[in-house]
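The values are calculated or read from the model by the stated rules, or taken from the named source; none is laboratory data. From a predicted model like this one, the values you see are computed outputs, not experimental measurements. Cβ placement follows ideal geometry from the backbone for every residue including glycine, while neighbour counts extend to all protein chains displayed.
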Amino acid sequence: MAEVLTMLMFCAVLFVSVGFGWSIIPALLVGVLLFTGYGLVRRVPLHSMAMHAAGSMRSASTVLVTFMLIGLLTSLWRASGTIAYIVTHATSIIHPITVIPLSFLLCAGMSVLTGSSFASVATMGTICMSLGLSMGASPVTLGGAILAGIYVGDRCSPVSTSALLVAQLTHTNLFGNLGRMVRTGAIPFALSCVVYVVIAWAQAGGDMMVDAGAARHSPVAGSIYGSGDAAGPGNVADLFSSAFQLHWVTMMPAVVVIVMALLCVDVRLTMLVSIAVSATICIGVQGMGFTGILRLLVFGYRSDDTRVAALLNGGGVVSMVTVMAIVCISAAYSGIFAQTHMLDRLRLAISVMAGRLGATTATVITAMGAAMLACNQTLAIMLTHQLCEGLHRTRGVLRNEADAASASDGFGDAVQVADEDADDRDRLALAIEDSAVVIAPLVPWSIAGAVPLATINAPTSSLFAAVFLYTLPISRIIGDAFSRKHVCIQRQ
């Protein structure tokens, strides 16, 4: 009963914080007090809880360093003209009949490069929304395509904070995870493209072409192009050309990331090289000074042109402070939960559900609850990991079985158990990526979906058109059901 009361109080604090638009950090700190208080009621020593919480936070230090590098990288990509160059040339291929599927593909490509859904929607997403409205596309469908696209790379980019966080939590290899994510995401991605092509074709048969004034008077287009200019690729090129030197060399930071990712170079080294290249371009091509770059690295890119600012402002170490704080506090939760055993009953219930429905299906259902409770993607990922950590083990034993096997059955058995343990962690990482990462944006009150939709002024009903975000977990549930059926047939 005490566990339920504590969790209800925590949920209430979170919902009040989100409902009033406050920062989620104070609410999470209140959670620390609530969970610590629960432990004290259960006579768990305060020193023990504090030590384990600190240990969990130290284990997250690696991913925090990576988050800082991402903040540096995204600010320099903005200032060097890399994002402006990509957006300018990508939007030139958009036409009325292709605007919806291309919005999905272009936003997916941008998110793979930047690893950030918010950065992608603020740049490519905003442009695609403006152009799509000028061509008569449905704002519901267009918003859904953009929302789905920006989370393709947020899920499986080598510089994605969510992918790095999952790899850190599950102690798995990032590039191995990316390969598995590509395989499980291929069919939902292709299906999304087909759906958007069919919708675009159907709309083209109706009244696709409308007066460009629809975009001119929209809040999105108005903030970018001003009240007197029609939205269009030419306007995008003119806008960015006035703010940057759009030389082909500005693409090099993105090329570096792509090439080094294909070579499976450590992601931190990849980002450091791209940061160095971007800084060189800022100085040599864009004419920035060292003082300006230092300010940029800390506070992010800030443009004096309000139209450019609406698209590109952001990045820097400061932009990562919130997500870093969420990771630290959530890591502290993990240490407290381990000492208080507060989640044991809930884990047992989830384990029973996994026995009946399958581990992947149970993870998806748990992620839905975590996303609705957490109101943001980062906390949803960490809660799902804490609740589902033991579901994907092929052996119903603890991880130290490898030591026992080594002592009793020899070195070969210990290696086999260790390999199985690595496979279990890989399955857990993939299950989280295919559930919590993509389900969080589908929760209407979660900032993972609400902020991008607000950025492009799309209606909440656009969530229904974000095909990739719900076909991915559904496909995993179907695959889980077939796998269980196949196992049952083999046992007969």
Exercise. All but one of (1) modelled with pLDDT under 85; (2) crowded, with 22+ Cβ neighbours inside 10 Å hold for ALA338; which doesn't?
Worked result: (2)
For this session: Go through VAL437, VAL443 for me and flag whichever is crowded, with 24+ Cβ neighbours inside 10 Å and of a type outside the set (Ser, Thr, Tyr).
Result: VAL437
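I'm trying to understand the selection: among the residues of region 331-387, which are touching an Asp or Glu at 6+ places or on another chain (Cβ under 7 Å) and within 27 Å of SER61 (Cα to Cα)? Give the derivation first.
Initial filter on region 331-387 (touching an Asp or Glu at 6+ places or on another chain (Cβ under 7 Å)): 342, 345, 358, 360-361.
MET342 - this is the single residue of region 331-387 that is touching an Asp or Glu at 6+ places or on another chain (Cβ under 7 Å) and within 27 Å of SER61 (Cα to Cα).
Out of the residues in region 33-50 that are in contact (Cβ under 8 Å) with a residue 40 or more places away in the chain and surrounded by fewer than 17 Cβ atoms within 10 Å (Cβ to Cβ), which is nearest to SER334 (Cα to Cα)? Spell out the reasoning first.
Here is the first cut: in region 33-50, the ones in contact (Cβ under 8 Å) with a residue 40 or more places away in the chain are 35-36, 38-39, 42, 44, 48-49.
Add one more test, that the residue is surrounded by fewer than 17 Cβ atoms within 10 Å (Cβ to Cβ), and what stays is 42, 48.
Working: ARG42: 17, SER48: 13 Å.
Within region 33-50, the match that is nearest to SER334 (Cα to Cα) is SER48.
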Problem set entry | Residue, farthest from ALA186 (Cα to Cα), within region 110-155, restricted to residues that are part of a loop (DSSP other than H, G, I, E, B) and among the hydrophobic types (A, V, I, L, M, F, W, C) | MET135
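Scan region 168-205 for residues that are among the small types (Gly, Ala, Ser) and in a helix (DSSP H, G or I) and jot them down. Give the derivation first.
First, the residues of region 168-205 that are among the small types (Gly, Ala, Ser): 176, 179, 185-186, 190, 192, 200, 202, 204-205.
Scanning region 168-205 gives GLY176, GLY179, GLY185, ALA186, ALA190, SER192, ALA200, ALA202, ALA204.
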Seminar exercise, completed: Wholly inside region 280-387, helices (runs of 4 or more DSSP H) that include 1 or more residues that are of a type in the set (Asp, Glu) are 344-357
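Filter region 100-136 for residues that are among the hydrophobic types (A, V, I, L, M, F, W, C) and closer than 15 Å to ASN457 by Cα and give the result. Lay out the reasoning, then the answer.
Of the residues in region 100-136, the ones among the hydrophobic types (A, V, I, L, M, F, W, C) are 100, 102, 104-108, 110, 112-113, 118-119, 121-122, 124, 127-129, 131, 133, 135.
PHE118, VAL121, ALA122, MET124, ILE127, CYS128, MET129, LEU131, LEU133 - these are the residues of region 100-136 that are among the hydrophobic types (A, V, I, L, M, F, W, C) and closer than 15 Å to ASN457 by Cα.
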